[in-house]
Amino acid sequence: MTYDVKKLFAKSDLVPAIVQDASTMDVLMLAYMNEESLNKTLETGYTWFYSRSREQLWQKGETSGNVQRVLSVVADCDDDALLVTVEQTGVACHTGNWSCFFAAPIGDAD
């Protein structure tokens, strides 16, 4: 059975894409996909996103070489977000950190 990609974009032109490393299960980053970037991701096997600030598509690692080979793409139960499982080459964050989630926690969780 083929998933209907158009369902993802019924509510919005952009869908949040949570990127997770397959070997460590670390959450690497959050970016946004539009229908074109999702289709390019599925066609090429590497992540493509939509930049809200530049208003254009971009391929992860295009200039840095820190590419993400896609192992799976799964939509959440409400078709509101994507979980993209990847094999990460190099670091995921433009700051040079492995993950974009490296800052100190905000507040206490107790």
Tyr46 accessible area, assembled protein chains, probe 1.4 Å, Å²:
80
So, with +1 on the Cβ of K and R and -1 on the Cβ of D and E, and no other charges, what is the size of the charge dipole of the chain about its Cα centre, to the nearest 20 debye?
360
Where Lys and Arg each count +1 and Asp and Glu each count -1, what net charge lies around Ser37 among other residues with Cβ under 13 Å from its Cβ?
-2
Accessible area, probe 1.4 Å, largest first, for residues Cys93, Cys100:
Cys100, Cys93
Going through the stretch 45-110, which trypsin sites (Lys or Arg not before Pro) have at most 16 other Cβ atoms within 10 Å and a DSSP loop state?
Arg52, Arg54
How high is the FRET efficiency from Gln59 to Met25, r the C-beta distance, R0 22 Å, rounded to 0.05?
0.40
With every protein chain kept in place and a 1.4 Å probe, the residues Phe9, Phe102, Phe49 fall, from largest accessible area down, as Phe102, Phe9, Phe49
Isolated cysteines for the chain, Cβ-Cβ cutoff 4.7 Å, are Cys77
Amide H of Leu71 versus every other amide H placed in the peptide plane: which residues, excluding those fewer than 5 positions away on the same chain, fall under 5 Å?
Thr85, Val86, Glu87
Under a 1.4 angstrom probe, counting protein chains only, how are Thr63, Thr89 ranked by accessible area, largest first?
Thr63, Thr89
The list (1) 12.0; (2) 8.5; (3) 7.8 gives values of mean projected area of the Cα convex hull in nm², and only one came from this structure; which label was calculated from it?
(2)
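The values are calculated or read from the model by the stated rules, or taken from the named source; none is laboratory data. These numbers come from a predicted model, not from an experiment. Heads up, the Cβs are rebuilt from the backbone with ideal geometry, glycines too, and the neighbour counts pull from every protein chain shown. These accessible areas exclude ligands, DNA and RNA; they are computed on the full protein's heavy atoms, side chains included. Shrake-Rupley method; radii C 1.70, N 1.55, O 1.52, S 1.80 Å.
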